[in-house]
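Please read the structure below before turning to the comments.
Computed from the coordinates by the stated procedures, all read-outs in this text should not be read as laboratory data. Remember, it's a predicted structure, so these values are computed and weren't measured experimentally. A quick note on method: Cβ atoms are made from the backbone with ideal geometry, for glycine too, and the neighbour counts reach across all protein chains shown.
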Amino acid sequence: MTEATLALAQAGDGDAFRELVAPYRRELQAHCYRILGSVQDAEDVLQEALLAAWRSIGRFDGRSLRAWLYKIATNRCLNYLRGESRRPLPAHLPDHGAGRPEQGRPDDPWWLEPYPDGLDDLAPDPEARYEVRESIALSFVAGLQQLPSQQRAVLVLRDVLGFPAAETAGILGTTPAAVNSALIRARAALPPDRHPHEVPMPKSPAEAAVVDRFVSAFQRFDLEELVALLTDDARLTMPPEPTEHRGPEPIARFLMQVHQGHDVKLLPARANGQPALVLYLPDPHAPIWRANGLIVLTLRGTRIQALTRFAGPGLLARFGYPRTLPRD
């Protein structure tokens, strides 16, 4: 940030303002996503936050633009969460007073969405407790959604972004003592990953080998190989569906039951710092493939610990994939 650019922005120059905030836009979007769990909600809230920043840039004191932007974005996220109960549930999802299927988990964040990979844009902070890839992992973001909103914001600001307690207190309009207390409770409620050392490095040969085995077994509908690839505690979830499948055999049999007898095409993608696959199925009435969803894989060693399948309008566009492909 230069004083000249700031002066222009405070004088009403929109181009100067966009130049000021451009270096922080990607990390602010990731910040909103961690707190909200939804890419669409994060995009909407970030737009509101940047509009609020533009309207109040004249009152910015010039000390730390990054902290000032985080204060606006964080409080917009918290305001959104305060009104979240007014957001209607999907039509096929029972409300919190209704019974869910036995295999469902009532506390699952049904609004969870995958985040298109862009870890290179998220600079690590030496004061952060989490590595970048850990801080955007699907299981971490899902776990955050179980925390009260204030604890969620404190944990992200302190442990993910590395803001000191005093600066976090300034962002949230509270005291350092309250921040430290909320952080202790948040850490206790969000246990760390017990197997971080067993996760293959992103885009490594070890990671690729597991994904290639899964693709081959899936496309051949090899039940035995699918079972062998899954950890004993493997889980398959499909947000916003309130159901899950647990264990290697139930998961493999479910995949076989749903897809066996049909050709499938699986194309590589990445989400939340993890390998993912775009699933295409043949159109019965036209010589094309139709996108059926995105499967995010959580790996542990040489096996798969979790499969999370997402679907919905606009999902694949974020990952650069079309809704249809021609069949060869």
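On a 0 to 90° scale, report how tilted helix 14-36 is relative to the longest principal axis of the chain, with both axes built from alpha carbons and the result rounded to the nearest 10.
50 degrees
Using +1 at the C-beta of Lys and Arg and -1 at the C-beta of Asp and Glu, which of Tyr321, Leu297, Ala206 has the Cα lying farthest in the positive direction of the dipole of segment 197-326?
About the Cα centre, the residue reaching furthest to the positive side is Tyr321.
Quick check: the angle from helix 65-82's long axis to the longest principal axis of the chain, C-alpha only, nearest 10 degrees?
Rounded to the nearest ten degrees, it is 60.
Roughly speaking, what is the stretch gain from Ser64 to Asp212, that is 0.36 nm per residue apart minus the C-alpha to C-alpha distance, in nm to one decimal?
Extra length from Ser64 to Asp212 when fully extended: 48.7 nm.
Rounding to the nearest 20 debye, state how big the charge dipole of segment 1-61 is about its Cα centre with +1 on each Lys and Arg Cβ and -1 on each Asp and Glu Cβ.
In debye, rounded to 20, segment 1-61 gives about 100.
So if R0 is 25 Å, what FRET efficiency would Glu43 and His262 give, r being the distance between their Cβ atoms, rounded to the nearest 0.05?
The pair Glu43/His262 has a calculated efficiency of 0.15.
Of the listed values (i) 64, 44, 43; (ii) 53, 43, 42; (iii) 62, 44, 37, identify the label whose number matches Cα extents along the principal axes in Å calculated from this model.
Entry (i).
Between Gln146 and Ala4, what length in nm is gained on full extension when 0.36 nm per residue of separation is reduced by their alpha carbon distance?
Stretched out fully, the Gln146 to Ala4 stretch lengthens by 46.7 nm.
Can you give the FRET efficiency for Arg55 and Thr175, using 1/(1 + (r/R0)^6), R0 = 45 Å, r = Cβ-Cβ distance, to the nearest 0.05?
0.95
Nearest 10 degrees is fine. How inclined is helix 248-259 to the longest principal axis of the chain, computing both from alpha carbons?
80 degrees
Using every alpha carbon pair in segment 197-326, what percent of pairs falls into each 10 Å bin from 0 up to the bin containing the largest distance?
With a bin width of 10 Å, the distribution comes to 13, 44, 36, 7, 0.
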